[in-house]
Amino acid sequence: MKTPARLSFNNSEKSVFPYLFGLLFVLTLADSWRRVGVDLLVFFERQGRENIVKFLGGMFPPDLSSGFLALMVGPTLETIQISVMGTLIAIALGFPIGILATRNFSVGGILNEADTAGAPARFALRFSIYCFARGLLSFFRAIPEFVWAFMFVRAVGLGPFPGVLAIGVAYGGMLGKVYSEIFEAVNPRPLEALQSTGANKLQIFFYGWLPQVFPNFISYTLYRWECAVRASAILGLVGAGGLGQQIEISMRMFNFNEILTLLIVLFLMVAAVDYISAKVRAIL
Amino acid sequence: MEQYRLEKVAKVFSRQQIALAGIDLSVRPGEKIAFIGPSGAGKTTLFRLLNLTLRPSSGRLWLDGDDVEKLHGKRLRETRRKIGTVYQQHNLVPRLKVIHNVLSGRLGRWSTAGSLFSLLRPLDVESAHQALKQVGIEEKIFTRTDELSGGQQQRVAIARVLIQNPEIVLADEPVSSVDPSLATAIVRLLIEISRDMHKTLLVNLHSVDLALEFFPRVIGIKNGAAVFDLTPEKITDGLLEDLYSGHFPQNGEDDITDENPSPPVLQ
Ligand SMILES: Nc1ncnc2c1ncn2[C@@H]1O[C@H](COP(=O)(O)OP(=O)(O)O)[C@@H](O)[C@H]1O
Ligand SMILES: [Mg+2]
């Protein structure tokens with residue numbers, strides 16, 4: 001199939017492109033350094049040092065009083081629940097849209113060649129679906145989950161629900177994009193064989209496509225869940241439930257020793273999730 | 001009526017790669033035909049046109065009176081159901097169990113929901129077992145497909161065609177990856193199946209001997225064109241020499257029909 005907008009760099013010809021890109025890269029780097037205000041000296045100046053000492057010193061010892069710990073149980077569970085529900089929604093969005101955003105599923109390649117040959121209307125329809133799916137995923141991804149959370153808090157009110165929605169949408173975009181890349185790299189021969197038995201595309205997908213990439217698929221989804229746990233911990237900063245809400249309160253009250261406790265809880269949580277997903281991967 | 005009719009069928013891949021340069025062919029139902037010729041001659045491309053995977057770049061192709069140009073969507077899928085293909089590289093799904101690869105021959109007749117369900121709980125173990133028994137590896141039914149040898153995988157691919165129960169069987173170099181004694185057995189099996197079940201059988205063969213021994217009609221393909229179309233006794237050494245001249249056969253034969261030989265596409 002002809003792919004629209006094919007970019008190819010011909011290596012055999014001498015081209016100025018590499019040099020141009022190189023120069024552009026260096027300039028971008030230099031300018032970014034200046035603008036972002038990278039100033040490492042801050043750590044050595046008196047004011048900066050004092051701030052850091054005050055913050056770090058304030059953190060010790062962590063607040064391990066049973067009262068505070070008991071207070072943490074609910075938000076911790078809530079954070080995990082937000083991440084799980086959010087990731088499920090992300091899969092529910094990212095999986096179907098990701099399939100449609102897979103080029104050799106939707107428009108090109110051996111599964112569309114005969115079906116769209118001499119049928120421009122069919123081709124146009126498939127191409128639009130493909131572009132729409134990719135566009136939608138880009139849109140979901142382009143807005144950070146933090147901003148999604150902020151908007152959903154406005155829309156549905158405070159609490160874990162906007163957090164779940166924010167993770168679901170933002171991560172749905174990321175999952176869908178990477179799913180489509182995983183799907184595109186599949187070996188097309190078994191798909192061709194399935195197609196020649198008269199199977200439809202969905203059947204081909206579940207018999208030939210998904211089985212080939214299954215370990216990758218699960219692995220990446222688990223990785224995204226790990227990220228979602230961290231994300232849901234801070235979404236509370238904008239009022240979307242979970243540990244973040246507590247972090248925000250402690251920050252505002254300058255209770256740095258509570259912050260350390262929260263960080264420890266966060267660390268343990270992420271380590272546990274890490275452990276679980278490593279176990280699952282080992283089974284595959 | 002003819003089953004296949006080809007008029008000046010040509011296939012040009014992108015970047016001016018001419019795989020078929022205008023083939024005329026007519027096949028009657030129940031015929032058994034062997035195609036021979038050097039690697040790169042266009043045999044695989046011809047089979048992919050015949051099983052409705054590719055479309056001719058020019059010329060016309062009729063299947064049972066239907067102009068394939070006009071087949072799309074559901075009608076295209078229903079027509080594909082009539083044709084079973086055994087591929088050179090088996091083209092099985094490696095991570096699936098044998099039974100699912102065999103049952104995938106049924107997909108054209110199963111509903112989408114039913115076929116998904118079958119991945120969890122195979123719908124027709126009995127038929128799959130029967131088909132595998134016919135090719136002599138019924139004990140492998142629940143093995144993962146990538147644990148089988150090349151020859152065993154080729155049998156699974158044949159079992160898939162048996163389950164599909166098509167009117168036409170196409171086999172693209174079905175024996176190029178197995179040892180000679182097994183090769184004869186597999187060709188014999190294909191012949192028996194098509195004879196007993198009245199199927200049209202078209203086979204690409206690397207081995208001229210097998211073609212001449214088992215097939216009443218042998219077609220020589222070279223440079224994308226048919227150079228002869230004869231009964232085996234009329235095929236002389238001279239014809240064969242011409243067919244393969246300028247070609248140096250390598251061990252293991254070709255594997256040049258990789259899906260997309262074009263450079264990777266930057267999105
Ligand atoms: N998908 C493809 N893209 C580009 N060229 C192809 C493709 N498939 C086959 N060809 C070319 O077409 C010619 C015929 O190939 P093929 O049909 O595989 O021959 P055979 O099966 O007789 O060895 C070869 O030159 C091959 O390189
Ligand atoms: Mg070939």
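Every number in this text was worked out from the coordinates using simple rules, so none of it is lab data. Computed from a predicted model, the values in this text were never measured in an experiment. Please note: Cβ atoms are built from the backbone with ideal geometry, for glycine as well, and neighbour counts cover all protein chains shown.
Rounded to 0.05, the FRET efficiency of the B:L240 and B:N165 pair, given R0 = 35 Å and the Cβ-Cβ distance, is 0.50. Shape class for the range A:1-151, computed from the alpha carbon gyration tensor (a ≥ b ≥ c): oblate, with a/c not under 1.5 and a/b at or below b/c. Summary value for chain A: 25 percent relative contact order, contacts being C-alpha pairs under 8 angstrom separated by 6+ residues. Distance from the Cα centroid of the range A:110-132 to that of the range A:219-271 is 46 Å (rounded to whole angstrom).
Using a 10 Å cut-off around each Cβ, can you sort A:I91, A:I167, B:I36, B:I18 from fewest to most neighbouring Cβ atoms?
B:I18, A:I91, B:I36, A:I167
Figure legend: label point modelled 7 angstrom from the Cα of B:R95 along Cα→Cβ; residues of the range A:83-109 with amide N under 17 Å from it are A:95-96, A:99.
Against the main long axis of the alpha-carbon atoms of chain A, helix A:66-100 sits at an angle near 10°. Within a straight-line Cα-Cα reach of under 21 Å, B:K97 can be paired with the following lysines, leaving aside sequence neighbours fewer than 8 residues apart in one chain: A:K201, B:K133, B:K140. Given their separation in residues at 0.36 nm each and the Cα-Cα distance between them, A:Q81 and A:I218 gain 47.4 nm when the chain is fully extended. Scanning residues 5 or more positions from B:G108 or on other chains, those with amide H under 5 Å from its amide H are A:A199, with H placed 1.01 Å from N in the peptide plane. May I ask you to derive the relative contact order of chain B, considering only C-alpha pairs under 8 Å and at least 6 residues apart, and to give it as an integer percent? RCO, chain B: 26 percent. If you restrict to DSSP beta bridges whose two residues both lie in the protein assembly as shown, what percentage is antiparallel, to the nearest 5? DSSP beta bridges in the protein assembly as shown are roughly 55 percent antiparallel.
Volume per residue of the convex hull around the Cα atoms, evaluated for the protein assembly as shown, comes out as 204 Å³. When the alpha carbon gyration tensor of chain A is reduced to an equivalent ellipsoid, its three semi-axes come out at 44, 27, 17 angstrom, largest first. With neighbours defined as other Cβ atoms within 10 Å of a residue's Cβ, the residues A:L20, B:L52 order from fewest to most as A:L20, B:L52. Evaluated with a Cβ-only charge set (Lys, Arg +1; Asp, Glu -1), the protein assembly as shown carries a dipole of roughly 1360 debye about its Cα centre, given to the nearest 20. Placing a pseudo-label 7 Å from each Cα along the Cα-to-Cβ vector at A:R35 and B:I18 gives an inter-label distance of 5.6 nm. Within chain B, the selection of entire DSSP H helices by a Cα span of 15 Å or greater along the long axis and an average Kyte-Doolittle value of at least 0.0 returns B:150-164, B:180-196. Residue-normalised convex hull volume from the C-alpha trace of the range A:15-56: 74 Å³ per residue.
Computed from Cα atoms, the angle from the helix A:46-59 axis to the main principal axis of chain A rounds to 90 degrees. For a paramagnetic label modelled at 7 Å from the Cα of A:E226 toward its Cβ, which residues of the range A:252-270 fall within the zone defined by backbone nitrogen distances under 17 Å? Residues A:266-270 qualify, since their backbone N sits under 17 Å from the label point.
Sorted on the mean count of surrounding Cβ atoms within 10 Å across their residues, most packed first, peptides B:71-80, B:89-98 read B:89-98, B:71-80. Between A:V42 and B:V125, the simple spin-label model (points 7 angstrom out along Cα→Cβ) gives 6.7 nm.
How long is the gain from A:F254 to A:A282 if the chain were fully straight, where each residue apart is worth 0.36 nm and the alpha carbon distance is subtracted? If you can, show how the numbers build up before the last one.
Working: separation 28, 0.36 × 28 = 10.08 nm, distance 4.30 nm.
Extending this stretch completely gives an extra 5.8 nm.
Assuming R0 = 51 Å, what is the FRET efficiency of A:M151 and B:E69, from their Cβ-Cβ distance, to the nearest 0.05? Result of the calculation: an efficiency of 0.50.
Panel order for A:L64, B:L189, by other beta carbons found within 10 Å of each beta carbon, from fewest to most: A:L64, B:L189.
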